[in-house]
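The structure appears right after this line, and notes come after that.
The values are calculated or read from the model by the stated rules, or taken from the named source; none is laboratory data. As the structure is a prediction and not an experimental result, all values here were calculated from the model. Because the Cβ atoms are built from the backbone with ideal geometry, glycine has one as well, and the counts that use them run over all protein chains shown.
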Number of protein chains: 2
Amino acid sequence: MIVEIVAVGTELLLGQIVNSNAAEIGSRLAEAGLDHYRQTVVGDNLDRMAAALREAMERADAVVVTGGIGPTQDDITREAMCAAAGVPMVFDEAFAGLLRERWARRGWEMPESNLRQAEHPEGAVMIPNPRGTAPGLRLRAGDAWLIALPGVPQEMLPMLEESVIPFLVAEAGGDGSVLVSRVIRTWGLPESRVAEMLGDLFAAAGNPTMAFLASAGEIKVRLTARAPDDRAAAALLDPLEAVVRERLGRRVFAVGGDPIEAIVLGLLAERGWTVGTAESATGGLLAARLTGVPGASASYVGSIVAYTARAKQDLLGVPAAVLEEHGLVSEETALAMAAGAAGRLPADVVVAVTGSAGPEPLEAPVGTIVVAVQTPEGAAARVLRLPPDRERARTLGSTGALHLLRRALLGEWWRT
Amino acid sequence: MIVEIVAVGTELLLGQIVNSNAAEIGSRLAEAGLDHYRQTVVGDNLDRMAAALREAMERADAVVVTGGIGPTQDDITREAMCAAAGVPMVFDEAFAGLLRERWARRGWEMPESNLRQAEHPEGAVMIPNPRGTAPGLRLRAGDAWLIALPGVPQEMLPMLEESVIPFLVAEAGGDGSVLVSRVIRTWGLPESRVAEMLGDLFAAAGNPTMAFLASAGEIKVRLTARAPDDRAAAALLDPLEAVVRERLGRRVFAVGGDPIEAIVLGLLAERGWTVGTAESATGGLLAARLTGVPGASASYVGSIVAYTARAKQDLLGVPAAVLEEHGLVSEETALAMAAGAAGRLPADVVVAVTGSAGPEPLEAPVGTIVVAVQTPEGAAARVLRLPPDRERARTLGSTGALHLLRRALLGEWWRT
């Protein structure tokens, strides 16, 4: 199953936004073991869009199109699909009724232009969009599938994961065989080191295949097997997974499954502990990631973001003597932040993060992030040396804090 | 002069990196008034790269290729250029000598693999690379130019600006016209309503053109003019911008420029005020967005994330009577959170957010977000009714809080 991506939008050509959708989709196609050899960007021009679609349809079994399915006049992906597939546009009365109802429920009158969203190429099936009003579309055109999704990532990604990838994976198994992937997730080693530790397995891999994927501080090892059925695929995957796990040891924290935020909240629930955070360098990002998990309030109580030195004293009670002797970016200050937060937040467990996120170095090289974890069983801190880039240091620093918390909750303190 | 971009790299297809090069190049092509209708990404595969180059050469007058010109075995852009243009590879003894000298000056012996960089398609001219070792290449192939640049942005961009854009503009043959865009940014109206309010202008638009873009709660109207020079473009854009601004009124908050987080921090710096946040429904996201701006610490002091009802009392001193009478999701509670935080954080201004983010409704329909702002000049609250989706409610809620803060800082309180 060869899949191409066509991203639609003059704003992409003009460089006003970066095509992060293609990267997100590409990463998920790879995880699903689907072949993906080309991505295209075209502007909001009917002839050029239709040409790009036709060309992609000749090379690929499925073309995922992002953007251009909203309600406004310059959203012309539906028209381009009609032109590329050679089918007329039809109007879906039932869907138009649903749209009117949805607006009425919010107490607004629907702008007539929204009715464009009830038009679709003849034969197209709607793909539910739980986060927005514009449904996606799936159209069989000759030998290929044309699949249109919104350009807004928050709407596009859930549709991709819930509808499109499962559909493509099922289609890929059209010869009766199934393609089953397992994603072994690791934290704490660079990608090149993981690749080195598994180098002989990678070289020998046939079925299952092996691939390495880096994402936001985690390195993933994807094993993909093709087999007559799930059971046969599992029989191929089990022994290889066992060897990979043995080689990588405690760096492996999960196979597939939930994001690390949800894993940590699950461990907290198991132990019956509540958690709070105390943040400096990550500035609320750790709290935002934990509270991004539905149901977080069962374990998560709150955070104190103390961005300035004064706030660390005022809000967290970090002793001036600790700040003076050890500085803002130190294990001692991180531990004092955790202890101070534990006395103020109604939480059993506290994770504290300080550090130097840049752009200017703060007492330590940019990218130095210090994490402390305090639980009813003890407390410990650790210095992480991350890339000297503000955004990456904040993201990888909050990921690191979540992983150190995970290991503390499992009783595997990284040092005693 | 039509220019296409072909980015080379399997890591782009796998989503391990985002194709920011294409956005940067696209933006500079537009500034230079060069036509640019398509971008392509292909992996490190000779046949597919050569095919992508040949197709682009048929549509365009010049093809800018990024990536694949380094020293290692998987850098095969030179080979793909030979295949696409039908010319042999030649070895440049003089350049090989220069490479050896450069390494010798640094006291190192050059790895033999680096000699690949002295190979180039017959007829190609080298493009100087002041920041790295791999020179770019320019090759006339049939009716088109093939221009290869490194994939590393820090090397590619100076080469683009110093060598490639001037060359392409000269080749474009003194049409000398420029393409100038203005992005008018609005908050507070749905996209379909903005499109309706400007429908006649959109329909009549020729030069400048008009387009609508939705991103994270903001609706943008992009005007693009083609003209002999910047001054003439401004003369075309000014009157249309004035009409758009007049129609949309105070919904327009900026033309181009910084993200709303940075705009708000700028307004705070102008007034000499510091800011803190008190968050419930957004769970740290507002703090994370503000501290994501480099230099945020000049104005931003910290946040109290009070996720549970008890934390709102313990950490923010919200009176139990207020919670009991008005509930967690109310203007009164948001104002009490702001007042409580103002007494605890060393900040002149406080923004507080509470609400029902889901998945289960909390005293109000999911998507109900309440924002309160307190400044030395006063305090006010407002209820936002956002989509009933946890992630969207949190994102659009924090965007709404930033915009209400902006209006309070400008003295345009949304109600008195």
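The residue list B:R271, B:R251, B:R231, B:R289 contains one member that is of a type in the set (K, R) and touching an Asp or Glu at 6+ places or on another chain (Cβ under 7 Å), which is B:R289. If A:V373 satisfies every condition in (1) touching a residue at least 24 places away in the same chain (Cβ under 8 Å); (2) at negative phi; (3) part of a loop (DSSP other than H, G, I, E, B); (4) under 28 Å from the mean Cα position of the chain (by Cα) but one, which is the exception? Exception for A:V373: condition (3).
Quick check, is B:D389 buried (at least 20 other Cβ atoms within 10 Å of the Cβ) and not small (G, A, S)? Yes. Is one or more of the residues making up the stretch B:102-120 assigned to a strand (DSSP E or B) and assigned by TED's automatic domain parsing to the domain that holds B:A80? Checked against the condition, which is being assigned to a strand (DSSP E or B) and assigned by TED's automatic domain parsing to the domain that holds B:A80, the stretch B:102-120 yields at least one hit.
Residues that are away from every other protein chain (no Cβ under 14 Å) and surrounded by 18 or more Cβ atoms within 10 Å (Cβ to Cβ) within the stretch B:252-266 comprise B:V252, B:F253, B:I260, B:I263, B:V264, listed in sequence order.
Being closer than 24 Å to A:L46 by Cα and either more than 7 Å from every other protein chain (Cβ to nearest Cβ) or in a helix (DSSP H, G or I) (or both) is the filter here, so list the residues in the stretch B:29-50 that pass it. Within the stretch B:29-50, B:L29, B:A30, B:E31, B:G33, B:L34, B:D35 meet the criteria.
Across the stretch A:88-102, the qualifying residues are those that are surrounded by fewer than 17 Cβ atoms within 10 Å (Cβ to Cβ) and not aliphatic (A, V, I, L, M), and the one among them that is nearest to the other protein chains (Cβ to nearest Cβ) is A:R102. Name the residues in the stretch A:18-28 that are more than 7 Å from every other protein chain (Cβ to nearest Cβ) and either surrounded by fewer than 22 Cβ atoms within 10 Å (Cβ to Cβ) or part of a loop (DSSP other than H, G, I, E, B) (or both), would you? Of everything in the stretch A:18-28, just one residue is more than 7 Å from every other protein chain (Cβ to nearest Cβ) and either surrounded by fewer than 22 Cβ atoms within 10 Å (Cβ to Cβ) or part of a loop (DSSP other than H, G, I, E, B) (or both), namely A:R28.
The set of residues in the stretch B:304-315 being more than 7 Å from chain A (Cβ to nearest Cβ) and surrounded by fewer than 24 Cβ atoms within 10 Å (Cβ to Cβ) consists of B:A309, B:Q313.
Among the residues of the stretch B:298-329, those identified as part of a loop (DSSP other than H, G, I, E, B) and closer than 23 Å to A:A298 by Cβ are B:Y307, B:T308, B:V318, B:G327, B:L328, B:V329. A search for C-beta distances below 8 Å between a residue of the stretch A:381-402 that is among the polar types (S, T, N, Q) and any residue that is at pLDDT 90 or above, counting only pairs 6+ apart in sequence or on different chains, returns A:T395/A:L285; A:S398/A:T282; A:S398/A:L285; A:S398/A:L286; A:S398/A:R289; A:S398/A:V353; A:T399/A:W187; A:T399/A:I260.
Could you please let me know if A:L236 is in a helix (DSSP H, G or I), modelled with pLDDT of 95 or more and farther than 24 Å from B:V366 by Cβ? So A:L236 passes the test.
Are any residues in the stretch B:214-232 without any contact (Cβ under 8 Å) to a residue 12 or more places away in the chain and either in a strand (DSSP E or B) or within 13 Å of chain A (Cβ to nearest Cβ) (or both), and if so, which ones? Selection gives B:S215 alone. Within the span defined as the stretch B:349-358, one or more residues are among the hydroxyl-bearing types (S, T, Y), buried (at least 22 other Cβ atoms within 10 Å of the Cβ), within 13 Å of another protein chain (Cβ to nearest Cβ) and under 19 Å from A:R106 (Cα atoms).
Condition test on B:R182, is it buried (at least 17 other Cβ atoms within 10 Å of the Cβ), basic (K, R) and touching a residue at least 60 places away in the same chain (Cβ under 8 Å)? So B:R182 fits the description; yes. Considering the conditions (1) modelled with pLDDT of 95 or more; (2) of a type in the set (S, T, Y); (3) more than 16 Å from B:A338 (Cα to Cα); (4) over 18 Å from the mean Cα position of the chain (by Cα), B:Y300 is excluded by exactly one of them, (3).
Look through A:V301, A:V322 and report the one residue that is more than 7 Å from chain B (Cβ to nearest Cβ) and in contact with a Leu (Cβ under 9 Å, 6 or more places away or on another chain).
Details: A:V301 fails: more than 7 Å from chain B (Cβ to nearest Cβ).
After applying the criteria, what remains is A:V322.
In the set (1) surrounded by fewer than 20 Cβ atoms within 10 Å (Cβ to Cβ); (2) of a type outside the set (G, A, S); (3) without any contact (Cβ under 8 Å) to a residue 60 or more places away in the chain; (4) more than 22 Å from A:D74 (Cβ to Cβ), the condition left unmet by B:V169 is number (3).
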